[in-house]
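The block underneath contains the structure these notes are about, expressed in structure tokens.
Values in this text are rule-based calculations from the coordinates and carry no lab data. Being a predicted model, the structure only gives us computed values, none of them experimental. With ideal geometry, Cβ positions are generated from the backbone for all residues, glycine too; neighbour counts draw on all protein chains shown.
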Amino acid sequence: MARIELIDVVKRFKGETVIPKLNLTIREGSFTVLVGPSGCGKSTTLRMIAGLERQTSGDIRIDGACVNDVEPGKRDVAMVFQNYALYPNMTVRGNIEFGLKNRGVPRPDRERLVRDICEIVGLTPHLDKKPHSLSGGQRQRVALARAMVKKPKVFILDEPLSNLDAKLRGQMRTELIELHRRLGATFVYVTHDQVEAMSMGDRIVVMNRGEVMQSAAPMELYNDPDNLFAAQFIGTPPMNVLPLSALPGLRTEGEGDPAFVGFRPEHARLAPESTELPRDGIVIAGEIATRESLGAEQVCKLRSDAGTFFVKSFLNPYSGGDFALAVVPCERLYFFDRDGSRLRRLRAVQPQLAAAGV
Amino acid sequence: MPAILNRLRPYAMIAPALVVFSLFYLYPIGYMIHLSFHDWNFISPVKTYVGLNNYREMLADDTFLQVLRNSALYTVMTVLLATGTALPLAIWLNRKSAFHAFVQGAIFSPHIISLVSISLLWSWLMDPEYGLLNGLLHLFGIGPLQWLNDPDTALISLVIVAVWKSLGYNTLVFIAGLQSIPPELLEAAALDRSKPWTTFRRLILPLLSPTLFFLVIINLIGSFQVFETIAIMTQGGPINSTNTLVYYIYEYGFRYFKIGYASAAGVILLFIVGALTLVYFRMLSRRVHYR
Amino acid sequence: MSMNNAGREASASGASGINRRIDARRIRAFLELVLLVANRACMLLLVCAFALPFAWMLSTSLKTLPETMIFPPEWIPDEPVWSNYAVAWRSGPFFTYLLNSLIVAIGILALQMLTIIPAAYAFARFRFPGKGLLFGLVMATLMIPAQLIFLPVYLMLSGWKLLNTHLALILPFASSAFGIFLLRQSFMQTAEELIEAARLDNAPEWKIMLRIMAPLARPVLVTFALFSFISHWNDYFWPLVMTTNESARTLPLGIAKIRETEGTATWNVLMAANVMLAVPVLLAFFAAQRQIIRAFVYSGVK
């Protein structure tokens, strides 16, 4: 396992700056997930760590040593590609052996290593087959085996599960987590799926347009987002964000100039119109536009004068009429300024009626 | 539309093409084989059946054996040079930039120009007294070469012309093949600490093998069919050193009017081309690696 | 750029050895530049190997006869002799040659379009007994070059008194297995839904073929048309065999003939004729380079 540091890394492609200035530390032995929308630079960052792309400027260090000029094969980094990148003209055995052969590992050792790794990933019956006769899941295992057999310090995975069907994906997710625990190497995992990110990583790096929006443990990201982007990236449905001006009854005290207020759908609850208003939260009146029942969960979409927002309830579907009140406790409110930065030293002053319609 | 017409429709659609092919490709082959067993001088209405005589005569003819040898030599040299140099050239020139596109276009240009143009041009370039080639060699102190006028160098001169014409095409086809290799494979090989030569030998070359076979066969078949350059540049000489199969058939058919004999030579050519084609399809189904 | 890096590094790390790092980076950048220049220079040399002959052809075409007989050869004539072109043009019925070439190439293309579109469509979208066999037969003709069958075809056409006519040059090429192959691929790739939607709209089969599939296959058709036109425009062998009459001959034959009539060494006139033959194709090539290359290269790679 190894610590990875990116210091002042800049990447430009033909005049376009993809990564303006990146500073990131990936702890040794961690399962760090880089997550973000398409084009946010997560794959580029990954490839720069592997050495497949050269940064325009800045330093990359693995275990303290600067690897800027070290070629990919010598960085002790293994990679699992999104499309597996298996060598089509070699058998499974050949694919796994290739890296070992290039390092001059003698044949008996090679055979033992290949045999062992195949036992671990369950590929032994397929050793002499070629990639085109394997299923998607099997190919993925070969890609994994090929990476694992090199016993690298750093494991890089570029959206490895995106080509699998849902059931297989869930299966592989747990297998990868177990693998990480067993190998103890540093895992750097890229995905655009926030569910994957939250469930697998012990550290999540949310990226947008080449910048780190927040780097934190999953629960921290959920409970204490740094900015609007991070807040809205996690959660299904994402955090409701309304302009503060749309809630005239809401007053705040503390540091900062708030422009937006947010709350998570699961922290709000619905109550009929005639309910007595609570004293410890805000209330928004609205009309229920849709109700989605997902078994245990229910997601309602409400239209109000403050805007459209969602309310999610668990094992407690709302059975009232179309007009309802959404109640959110004050401590579940998040405030953001005009630039999207989170204002942590600000809170709602007193429970008040908020928004029109009431 | 009535059902019967519906069933006939596809046949009607293929019919015109089939008529052309049957009339001008399949029937002539049969006709040629038939003629090869006869003696005919084209003018008289009588065709005498002579069995395998034409073939026997051919195999006993020194000129024919030399023609076969010339054809084989020419073909082997052309194919080796034209495909052997095209691959490293393709690796060198394989990049998508305006400059590279310009270079690729430049080396491809001879391919679309008429062979007549090329033959005339190179006849002039290779002129022993005033040609540009000897002029360039003169700069390096090398004495004037005879090129097409010397039986020892004539065939090689033709090979040079053939290579000049087809190098660009071969190179661009190789480049297309190289670009169809997914870049992740090469990245995975780099991560597997593969040195450039290893990557080439164990990954690129196997993946390129269908393209390679295709080019070799196309070049082989094309080389056996060489005619224009010979007809314009050397007319088979000097002393039959550049006489090859098709030219031989042409001479016997159109100059000496020994139709049966020429047909027999044509059948030999048919066998060679057919054998090469079969080999190609065999190797295609066996050695090609699929994704 | 490397200077900025070095500067930032110096301030950021402040450690010793930064001077060494600056030098190493500058040296590497310099070496990379040298390699790049050398690489490009070699490529230009390669281009010369292909461009020089054409340049020489042009140069010769503008010389007087004595000027062509200088050794070592000189590139630029004293005065450009444009009259060489006139002499070349007048040395034979070139207008007739040009016309014949055009008629033949266009005629072939037109007939090919007529025969390959329905055939490719039938092979692509219908199922009928014997389809595999018939398709195999068509593909087999790909392996039968003109040089193999010219003699029997010559005898056939001679028997039908068709020698020295345009038909002799056009009919044998009225269809193309290559074209059928390419077009069939293209047709097979058209989504079934499009055709089903058309059928639901009560469109007759021929309309489907002409109004929906042919336009979608246009790039392939253009590619093939380029390939066919250029190949037949340049053809020397077939017209040589099938025609003996000046009035029926095509451009490549006319140019080659100059060599025989003018005697052995009037290279300047010959090269002028050669320029006239090669320049139209070269111009077309520069205009549509990518299309042409795609036509010839990608059509071969299955």
Per-residue average of other protein chain Cβ atoms inside 10 Å, peptide B:2-14 -> 5
Peptides ranked, highest mean first, by Cβ atoms within 10 Å: ranges B:5-15, A:50-60: A:50-60, B:5-15
How much length is gained if the chain between residue A:171 and residue A:107 is pulled fully straight, taking 0.36 nm per residue apart and subtracting their Cα-Cα distance, in nm to one decimal? 19.7 nm
What does the average come to when, for each residue of peptide C:234-247, you count the partner chain Cβ atoms lying within 10 Å of its Cβ? 3
Over chain A, what is the relative contact order in percent, taking alpha-carbon pairs closer than 8 angstrom and at least six residues apart? 17
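Once the other residues with Cβ under 9 Å from the Cβ of residue A:48 are scored (Lys, Arg +1; Asp, Glu -1), what is the net sum?
+2
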With a 10 Å radius around each residue's Cβ, average the other Cβ atoms per peptide and rank B:118-125, A:3-10, A:84-91, highest first. B:118-125, A:84-91, A:3-10
Amide H to amide H, which residues 5 or more places from residue A:252 or on other chains are under 5 Å from it, using H placed in the peptide plane? A:349
Taking N as the residue count of the protein assembly as shown, its alpha carbon Rg divided by 2.2 N^0.38 Å gives 1.26
Calculated from backbone phi, Karplus (6.51, -1.76, 1.60) coupling profile of the range A:49-56 in Hz, x at Gly/Pro: 5, 6, x, 7, 10, 9, 5, 5
Tell me which residues come under 5 Å, amide H to amide H, from residue A:79 once H is placed; ignore anything under 5 positions away on its chain. A:156
Could you work out the per residue convex hull volume over the alpha carbons of chain C, in cubic angstrom? 262
Write down the Å³ per residue value for the convex hull defined by the alpha carbon atoms of the range B:200-248. 91
Hz values of 3J(HN,Hα) by residue in the range B:218-229 - Karplus curve (6.51, -1.76, 1.60), Gly and Pro given as x: 4, 5, 4, 4, x, 5, 5, 8, 4, 9, 4, 4
Based on a Kirkwood Rh over C-alpha pairs, give the Stokes-Einstein translational diffusion coefficient of chain A at 10 °C and viscosity 1.306 mPa s in µm²/s. 69
In a Gaussian network model over chain B where Cα atoms closer than 10 Å are linked, find which of B:271, B:24, B:224 has the largest mean-square fluctuation. B:24
For peptide C:49-56, compute the average count of partner chain beta-carbon atoms within 10 Å of each residue's beta-carbon. 5
Once each part is reduced to its C-alpha centroid, what is the distance from the range A:68-126 to the range C:44-78 in angstrom? 58
Give me the dipole magnitude in Debye, nearest 20, for the range B:126-220 about the Cα centre, with unit charges on the beta carbon: positive for Lys and Arg, negative for Asp and Glu. 460
Give me the dipole magnitude in Debye, nearest 20, for the range A:237-348 about the Cα centre, with unit charges on the beta carbon: positive for Lys and Arg, negative for Asp and Glu. 220
If you find the alpha carbon centre of the range A:299-326 and of the range B:248-283, how far apart are they in angstrom? 85
For a 27 Å ceiling on Cα separation, which of these pairs sit above it: A:153/B:195; A:130/B:195; A:21/A:312; C:131/C:207; A:101/B:96? A:21/A:312; A:101/B:96
Using each residue's phi in the range A:129-134, evaluate 6.51 cos²θ - 1.76 cosθ + 1.60 at θ = phi - 60° and report the 3J(HN,Hα) Karplus result to the nearest Hz, with x for Gly and Pro. 9, 9, x, 5, 9, 9
Sort B:39, B:152, A:158 by Cβ crowding within 10 Å, fewest neighbours at the top. B:152, B:39, A:158
With a ≥ b ≥ c from the Cα gyration tensor eigenvalues, square-rooted, and the rule rounded for a/c under 1.5, otherwise prolate when a/b > b/c and oblate otherwise, chain B is oblate
Considering only B:36, B:166, B:194, give the residue with the highest GNM mean-square fluctuation for chain B, with springs between Cα atoms whenever their separation is below 10 Å. B:194
Which order, highest average first, do B:130-136, A:130-136, A:251-257, A:140-146 follow once you tally other Cβ atoms within 10 Å for each residue and take the mean per peptide? A:140-146, B:130-136, A:130-136, A:251-257
Hey, quick one: spin label on residue C:206, modelled 7 Å out along Cα-Cβ, who in the range B:10-27 has an amide N within reach, i.e. under 16 Å? B:10-16
So for A:204, B:239, C:258, fewest C-beta neighbours within 10 Å to most, what's the order? B:239, C:258, A:204
What list do you get for A:21, B:258 if you sort them by fewest beta carbons within 10 Å? A:21, B:258
Starting from the Kirkwood radius over alpha-carbon pairs of the range A:97-249, derive D by Stokes-Einstein at 10 °C in a medium of 1.306 mPa s and give it in µm² s⁻¹. 88
Roughly how many Å is it from the Cα centre of the range A:1-50 to that of the range A:245-259, as a whole number? 36
Which value, in debye to the nearest 20, describes the size of the charge dipole of chain A about its Cα centre when Lys and Arg Cβ atoms bear +1, Asp and Glu Cβ atoms bear -1, and nothing else is charged? 1520
